[in-house]
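This report refers to the structure that appears directly beneath it.
Readers should treat all values here as calculations from the given coordinates under stated rules, not as data from a laboratory. Just so we're clear, the structure is a prediction, and the values are computed from it rather than from any experiment. All Cβ positions, even for glycine, are placed from backbone atoms using ideal geometry, and neighbour counts span all protein chains on display.
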Amino acid sequence: MKKGTYDVIVLGGGAAGLFCAFTAGQRGKSVLVLDSSNKVGKKILMSGGGRCNFTNLDIQPENYLSANRHFCKSALNGYNQWQFIEMVEQHQIAYHERKHGELFCDDSAKAILKMLVDECAKAKVVTKTSCAIKTIETIASIDTGYRIVTSLGDFQSKSLVIATGGLSIPTMGASGFGYEIAEQFGLTLLPRTAGLVPFTFSDKLKDICERLSGLAVDVSMSVNNISFRENLLFTHRGISGPSALQLSSYWQPGQAISVNLLPDLNAPELLMDYKNTSSKSLLRNLLAPHLSKGLVLELQALYWPDHADKPMAEIPDAVLHEVADKLNNWPLKPSGTEGYRTAEVTLCGVDTDHLSSKTMECKTQPGLYFVGEVMDVTGHLGGYNFQWAWASGYAAGQYV
């Protein structure tokens, strides 16, 4: 094979790209990984607070968003979480389970990246970093091969894998380059938006969030009949935390979201019971065992300021029912989200109708594959997106 020619070229040295690369290399294929950053796997290193939530014990198709909700099933069955866990254990990486089946490294995400890099080395994968792609051309003479013109020279291959990720966290090198490649070859792109991202506010709620910044509350949040029971975290800009991040993937601009501040309690019954049994007490004091003092004071200023210093017996039932409704169904209308700057994923992307769910190969462009975040498959928070990276990378790696 002449210099600069490989069986497979992978564009993108992230989770999906590296996994695909060594999977193909293990089959005896010559593989080149090209990455625009100065080192591979930067997003892996920052994931999970630096501990990498690398998969989940409970992987189900229902944990993924896609215009074609069936597309992810084949790949997830072809390479499951137990197979990845086995690899982690073979590399003697210590890990632990957190809530909802989330698995994290005990020490550092560096261990997962090292595992991927070591597997690539064993499979004789060649990696080039700080590589800018100038053009991609098809080579008819080698039966639809590809020529990649880069800042490091020209390379060509029979198979080309696009593992460039999405638009989330541009400081990590994210760009829309993968989408440009898809458009070059006539593939449809579904409208992309930031997912798993904090909400922002521009009204008086922004000031409330700023005053409560750092406070975490166990809530149930819902929009469009989708609910998540997790912590909500108030920030200087709005709300974050697992519940808000999860819900952001289902929210549309202009919609209000509902926050149940007392998800285990029926607030109307609770307040009426308090009125009967603690008639001389102040409402804010009765709510103190359930919610933080700061949050209760903010709610008081919003919903019962005229009754703040009245005993429960003197607060009309209608007012108590209105307050109770807000406790179980606090409507918040975000002005937007923090966008790709802090988003963990990009929703939508390359339309999966163009791709084989078994191999990730483009149906109309032989030898062109898409893996990972660049396509229209997005997981929930909790290790699901990493498992999609492993599974889609493995699927393509078996066929390139």
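Miscellaneous remarks
- Across segment 279-288, coupling constants 3J(HN,Hα) worked out from phi with the 6.51/-1.76/1.60 Karplus curve, θ = phi - 60°, read 5, 8, 7, 7, 4, 4, 6, 6, 7, 4 Hz, and Gly and Pro carry x.
- Considering only the chain, percent of DSSP beta bridges that pair antiparallel, nearest 5: 75
- Shape metrics for segment 9-71, restricted to C-alpha atoms - Rg then Dmax, Å: 14.6, 36
- Descending semi-axes in Å of segment 210-281, equivalent ellipsoid built from Cα gyration tensor: 27, 16, 10
- Charge sum, other residues only, whose C-beta stays under 15 Å from Ser151's C-beta, Lys/Arg counted +1 and Asp/Glu -1: +1
- Separation between Cα centres of segment 364-392 and segment 286-313, rounded to whole Å: 47
- Among the listed pairs Lys73/Lys158; Lys114/Lys158; Lys128/Lys358; Lys204/Lys280, those beyond 30 Å (Cα-Cα): Lys204/Lys280
- The three principal axes of the Cα atoms in the chain give end-to-end lengths of 88, 42, 35 Å, sorted in falling order.
- Approximate spin-label separation Gln252-Asn285, in nm, with each point projected 7 Å along Cα-to-Cβ: 4.8
- For the pair Asn225 and Trp82, the difference between a 0.36 nm per residue extended length and the Cα-Cα distance amounts to 48.3 nm.
- The angle between the Cα long axis of helix 317-328 and the longest principal axis of the Cα atoms of the chain comes to about 20 degrees, rounded to the nearest 10.
- Karplus-derived HN-Hα couplings along segment 343-356 (A = 6.51, B = -1.76, C = 1.60, θ = phi - 60°), whole Hz, x at Gly and Pro: 4, 7, 9, 10, 6, 6, x, 5, 4, 5, 4, 7, 10, 7
- Global geometry of segment 305-383, whether rounded, prolate or oblate, following the gyration tensor of its Cα atoms and the 1.5 cut on a/c: prolate
- Axis angle, to the nearest 10 degrees, between helix 15-26 and the longest C-alpha principal axis of the chain: 30 degrees.
- Relative contact order %, the chain, counting alpha carbon pairs below 8 Å whose residues are six or more apart: 25
- In a DSSP loop and with at most 16 other Cβ atoms within 10 Å, the trypsin sites (Lys or Arg not before Pro) in segment 3-84 are Lys3, Arg27, Lys39, Arg69.
- Value of D in µm² per second that Stokes-Einstein yields for segment 167-324, Kirkwood Rh from Cα pairs, at 25 °C (0.890 mPa s): 135
- Note on Ala301 and Ala67: the model spin-label points, each 7 Å out from Cα along the C-beta direction, lie 4.6 nm apart.
- Of the trypsin sites (Lys or Arg not before Pro) in segment 274-321, the ones in a loop by DSSP (not H, G, I, E or B) with at most 10 other beta carbons within 10 Å are Lys280.
- Theoretical FRET efficiency, 1/(1+(r/R0)^6), r = Cβ-Cβ of Gln184 and Ser278, R0 41 Å, to 0.05: 0.05
- Along each principal axis, taking the top coordinate minus the bottom one, the Cα set of segment 53-112 gives 37, 23, 17 Å in descending order.
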